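Read the structure below first, then the notes.
Rule-based calculations on the coordinates, nothing more; no lab input. Computed from a predicted model, the values in this text were never measured in an experiment. Cβ placement follows ideal geometry from the backbone for every residue including glycine, while neighbour counts extend to all protein chains displayed.
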Amino acid sequence: MKTQNPLLAYILIGIGVFFLLRELKLPIITDFYSWQTFLIIIGLAFLIHSYRSRNYEHIFTGVLILGIGIHLHGATHYHFWIDHWGVYLIIIGLAFLIRYLKTKSGFLPGIAFLAVGVLFIYSTAFHAYFYWIYDGIALAERFWPILLIVLGFVLLRKGK
């Protein structure tokens, strides 16, 4: 009998291993008994599925979920971890670039997200030169619901 959905199988295997290791209470991996580990498991399942099936449409999703899981785990458990929102842009950029290696699409967005993420992270060190970035971000944080409303109307209009 052929497996109908190997992605679901990989996720179930990963979650099973997680709970088994949790029951065994191995002291070396106690930091991984957290919800961030589920993101890491799901991201790895997407990547394993993509590479084993040679269908690379899930590489972006896998790298994105894996990267967010690793970042959230690192920010929670390690004091040296960079906890800046620009890291999410870097993760998106890396997801585009890793997908580019297999599909040959997404190189320019990957470089752009990577560059902007690095710029935002290091802009705090050069605050005198990049103060305008934080003014723009403060404005965007205040009025982001308007963007959602406009996007919703555009999608409604486009559907007609």
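Annotation for region 1-67: trypsin sites (Lys or Arg not before Pro) lying in DSSP loop with at most 14 further Cβ atoms inside 10 Å of their Cβ are Lys2, Lys25, Arg54.
By how many nm would the segment from Val150 to Glu57 lengthen if fully extended, with 0.36 nm per residue of separation less the alpha-carbon distance? Result: 30.6 nm gained on full extension. Every helix of 4 or more DSSP H residues in the chain counts as -39500 (n - 2.57), and over all residues that averages to -27000 deg cm²/dmol at 222 nm. Relative to the dominant Cα principal axis of the chain, helix 59-77 is inclined by about 80°.
Between Arg22 and Val116, the distance separating the two model label sites (each 7 Å from Cα on the Cα→Cβ line) works out to 3.6 nm.
For Lys104 paired with Tyr78, estimate the spin-label separation in nm (one decimal), with each label point 7 Å from Cα along the Cα-to-Cβ line. So the label points at Lys104 and Tyr78 sit 3.6 nm apart. Using Cβ point charges alone (K and R +1, D and E -1), the dipole size of region 1-130 about the Cα centre works out to roughly 500 debye. Taking a sphere under 12 Å around the Cβ of Lys102 and counting the other residues whose Cβ falls inside, with K and R at +1 and D and E at -1, yields a net charge of +2. The mean sequence separation of alpha-carbon pairs under 8 Å and at least six residues apart, normalised by the residue count of the chain, gives a relative contact order of 15 percent. A crude spin-label estimate for the pair Tyr134 and Ile15, with each label 7 Å from Cα along the Cβ direction, gives 4.2 nm.
To the nearest 10 degrees, how steeply does helix 86-103 sit against the main Cα axis of the chain, on a 0 to 90 scale? Compared with the principal axis, the helix lies near 60 degrees. With 0.36 nm allotted per residue and the present C-alpha distance subtracted, the Thr124-Arg142 stretch has 4.5 nm of extension available.
Between 0 and 90 degrees, the angle of helix 127-159 with respect to the longest Cα principal axis of the chain falls at about 70 degrees. The overall shape of the chain is oblate: from the C-alpha gyration tensor, with semi-axes ordered a ≥ b ≥ c, the ratio a/c is 1.5 or greater and a/b is no larger than b/c. Note on Ser34/Leu8: beta-carbon distance plugged into 1/(1 + (r/R0)^6) with R0 of 25 Å gives a FRET efficiency of 0.65.
If you take the square roots of the eigenvalues of the alpha-carbon gyration tensor of region 90-153 and sort them as a ≥ b ≥ c, do you get rounded (a/c under 1.5), prolate (a/b over b/c) or oblate? Because a/c hits 1.5 or more and a/b fails to exceed b/c, region 90-153 counts as oblate.
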